[in-house]
């Protein structure tokens with residue numbers, strides 16, 4: 001959050017000077033290979049991840065004589081080992097019948113092919129998420145590297161010859177492309193885990209992201225769309241450099257306010273919590289503050305790389321720099337589409353963003 005708490009948004013709402021409090025569920029996170037009951041027929045599992053974000057929460061719902069699983073973990077040995085323990089100690093000999101994938105990032109769907117084959121499970125995910133993951137897995141690694149280099153150059157970052165522009169080829173995190181048994185859409189209802197879950201499609205973090213909401217019990221499986229302590233990455237990708245994902249993200253926040261204020265949020269990272277509306281307000285305020293800071297920063301023409309210190313306490317390196325740059329471009333594209341900034345590309349193919357003069361903005 002910015003330190004400019006208490007200022008006003010363009011809509012006239014006041015930013016909270018401090019983040020609003022949420023109430024974490026008074027249950028310790030399950031050990032890897034074990035489960036915690038959240039509600040009748042709903043269980044919280046954790047899968048370790050071999051990265052800085054060291055876990056993903058997955059959710060196990062009773063499904064007839066088997067289980068419906070929400071998300072899977074990566075196709076890595078440490079994740080497979082956790083699943084072997086879960087099969088032995090938690091599943092009770094009952095197979096996974098359905099695997100519901102919230103979105104197409106590898107920590108959420110990487111083990112879907114492996115688990116589907118082991119259990120004969122049907123994979124459910126949005127049509128867009130399934131298609132886009134397949135397109136990524138079929139992309140030539142060299143073509144991907146060149147595309148990312150071009151995106152970095154456009155926004156003021158030069159990668160030395162021989163240096164890697166991206167994290168590298170991480171197809172192994174996916175473990176293949178699963179067959180799609182069913183593509184849920186917004187508004188569908190899924191019966192499992194002792195409840196009826198409405199599918200809620202959200203955007204911004206990625207297209208085709210699906211949440212599940214049980215209105216009777218006020219439970220929201222939020223995927224990465226709502227997290228308790230961090231805002232999910234909202235980035236422009238090299239594959240769609242003109243996109244405006246922040247607008248989709250903010251619109252999705254508004255949609256989720258239709259859920260009950262005392263909803264228990266079951267996020268993909270961190271601990272379950274109550275205080276959904278407060279958390280949504282804080283996340284929205286955070287992005288409005290970032291936009292406000294960028295309007296001021298771009299009084300003079302700036303590249304996306306040059307605005308990173310305005311948005312982040314320190315400029316990240318490596319793959320985190322690419323994520324930070326993508327997030328900066330998302331905010332800059334939003335301001336361009338709102339008429340607050342202009343984007344100009346110079347003779348070297350580098351884009352700079354500059355504030356529209358007040359007299360022009362009012363015309």
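Read-outs throughout are calculated quantities, based only on the coordinates presented, and are distinct from any laboratory measurement. This one's a predicted model, so the numbers in the text were calculated from it and none came from an experiment. Positions of Cβ are backbone-derived with ideal geometry, glycine not excepted, and every protein chain shown enters the neighbour counts.
Fewest-first ordering of 140, 248 by other beta carbons within 10 Å of each residue's beta carbon gives 140, 248.
DSSP assigns beta bridges within the range 23-361; of those with both partners inside it, close to 75 percent run antiparallel. Against the longest principal axis of the chain, how steep is helix 141-154, in degrees 0 to 90 to the nearest 10, with axes from Cα atoms? Helix 141-154 and the main axis of the chain meet at about 40 degrees. Distance between the modelled labels on residue 54 and residue 254, one decimal in nanometres: 4.1 nm (7 Å Cα→Cβ projection). Ordering 259, 196, 336, 206 from the fewest to the most neighbouring beta carbons within 10 Å gives 196, 336, 259, 206. Taking each residue as 0.36 nm, the span from residue 139 to residue 188 lengthens on full extension beyond its C-alpha to C-alpha distance by 14.5 nm. Of the peptides 233-245, 127-139, the order by per-residue mean of other Cβ atoms within 10 Å, starting with the highest, comes out as 233-245, 127-139.
Expressed as a whole percent, the proportion of Cα-Cα pairs in the chain lying more than 40 Å apart is 16%.
By count of other Cβ within 10 Å, fewest leading, how are 212, 69, 322 ordered?
Starting with the residue having the fewest Cβ neighbours, the order is 322, 212, 69.
Helices in the chain, meaning DSSP H runs of at least 4 residues, each add -39500 (n - 2.57). Divided by all residues, the mean residue ellipticity at 222 nm is -9500 deg cm²/dmol.
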